[in-house]
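Below is one structure, written out as structure tokens, with a few remarks after it.
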Amino acid sequence: MLSAATRNLTRLRLIAGRTPPLTIGLALLGLAIAIHIPTLNQPLVETQSFRQTTTAYPALLFHLQGIDLLRPQVPVFGPPFVLPIEFPLFQAAAAIAMNLGVPADPAVRLTALACFVITAVLVWRLLVAVAGEAAGLAGLAAFLFSPLGLLVSRMSLIEYMATAGGLAFVLGGLRWHETGKWAWYVAALTAGTIGLLVKSTTGAIYLVPVLVLGLSVLRRANCPSLGDPSMCWPWPCSWASRS
């Protein structure tokens, strides 16, 4: 029996060795999505039911009354009904799904699952960038099929939209650092801003440093001579010479 198991393991390694990493990664993503599809119609009454429903209610009202990002409402709290917990980008995305004909509970779950898949892709590509294809696939599998991920990824929560913004920010900043192309810097700041708006408690930690770094690079690029302050932006070269 042991020798048969060894032979089967050897075959699997050979198959994996011949299969492009992109194909393996896409297969893992497809499997994770397939696992979640049968659960998307469940009502929002499992763990974190209060947080799930307070997220879903503004999305439903956006669907019924129109999207108003500055006034997300939860009428069960009484007048004036506004619940300014976070900027409701997730709720707006779920409302768009409802506008396309998806029922309320599946719409918020589907939006959360989409954000989870985007986060998974970003985890995968970031690991590939810093540690190689094998680490990327291992991290992707661990992220997709961890018990916590399997549960939270289909819940009506904003978390994975915030993590997607944060990881896109990191990956975009890394690409900008490697290539020097400012399009990556703009993409990083845009993604980081989305993460910051969705969940400000984590977004501020990573957004401010890269903004300062970008301004520093601009200063060096526009300051060929520390002795000529007139050619410097966004702050005079004399500041740099004193530092």
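The values are calculated or read from the model by the stated rules, or taken from the named source; none is laboratory data. The model shown is predicted, which means the values in this text are computed figures rather than measured ones. Here Cβ is always computed from backbone atoms with ideal geometry, including for glycine, and neighbour counts include all displayed protein chains. These accessible areas exclude ligands, DNA and RNA; they are computed on the full protein's heavy atoms, side chains included. Shrake-Rupley method; radii C 1.70, N 1.55, O 1.52, S 1.80 Å.
Here the condition is being at pLDDT 90 or above and over 30 Å from residue 83 (Cα atoms); of 141, 107, 114, it holds for 141 alone.
Condition check for residue 30 on (1) open to solvent by 70 Å² or more (accessible area, probe 1.4 Å); (2) modelled with pLDDT of 90 or more: one failure, at (1).
Residue 103 passes every criterion in (1) under 20 Å from residue 49 (Cα atoms); (2) surrounded by 17 or more Cβ atoms within 10 Å (Cβ to Cβ) apart from (2).
Selection of region 111-155 for residues being outside any helix (DSSP H, G or I) and in contact with a helix residue (DSSP H, G or I) (Cβ under 6 Å, 6 or more places away or on another chain) yields 153, 154, 155.
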